Amino acid sequence: MAVLIVVPIATLMALIGYRLLTGQIRTTGLLLDNVGAFSPSRLQMLLSTTFGAGFYLFASLRGGNAGTDLPGTLPTLLAFLGGSHALYLTQKWFTLRPGKEAHK
């Protein structure tokens, strides 16, 4: 029954991978801030979101009912992603806080 989850997700991953490799999905500027400089906070968000998605995928495949049900809320994943987003938003607040001119 794991096929019910694996096949659609594998198909989606293959489609996204193909479009990334052929340039149909543009990634230029993905890790750059508003002034065109490398942004470590964007890299952190990308890596943590990718890790979180993979963690949830593996949790759904090894979960109960032979992988046919999606797992509920995972407290570890929720805390990890919440902390990651909080760090990102804190950095953005210090960069763009009121009274400080935004980068253009």
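The values are calculated or read from the model by the stated rules, or taken from the named source; none is laboratory data. Computed from a prediction, not measured in an experiment: that's the story for all the values here. Here Cβ is always computed from backbone atoms with ideal geometry, including for glycine, and neighbour counts include all displayed protein chains.
Just to be sure, is Phe55 surrounded by 15 or more Cβ atoms within 10 Å (Cβ to Cβ), at pLDDT below 90 and aromatic (Phe, Trp, Tyr)?
It is true that Phe55 is surrounded by 15 or more Cβ atoms within 10 Å (Cβ to Cβ), at pLDDT below 90 and aromatic (Phe, Trp, Tyr).
Quick check: anything in segment 9-25 among the charged types (D, E, K, R) and outside any helix (DSSP H, G or I)?
no
Under 8 Å between Cβ atoms, at least 6 apart or on separate chains: pull out the pairs that start in segment 62-87 with a residue that is among the acidic types (Asp, Glu) and end on any residue that is at pLDDT below 90.
From residues that are among the acidic types (Asp, Glu), the pairs are Asp69/Ser60; Asp69/Gly63.
List, please: which pairs have Cβ atoms under 8 Å, are six or more places apart or on different chains, and start with a residue in segment 24-37 that is under 21 Å from Thr49 (Cβ atoms) and end with one that is part of a loop (DSSP other than H, G, I, E, B) and among the aliphatic types (A, V, I, L, M)?
Asn34/Ala102
Between a first residue in segment 1-22 that is farther than 12 Å from Leu57 by Cα and a second residue that is loosely packed, with under 10 Cβ neighbours inside 10 Å and among the hydroxyl-bearing types (Ser, Thr, Tyr), which pairs have beta carbons less than 9 Å apart while being 6 or more apart in sequence or on different chains?
Within 9 Å, the pairs are Leu20/Thr27.
Within segment 58-88, how many residues turn out to be at pLDDT below 85, assigned to a helix (DSSP H, G or I) and touching a helix residue (DSSP H, G or I) at 6+ places or on another chain (Cβ under 8 Å)?
4
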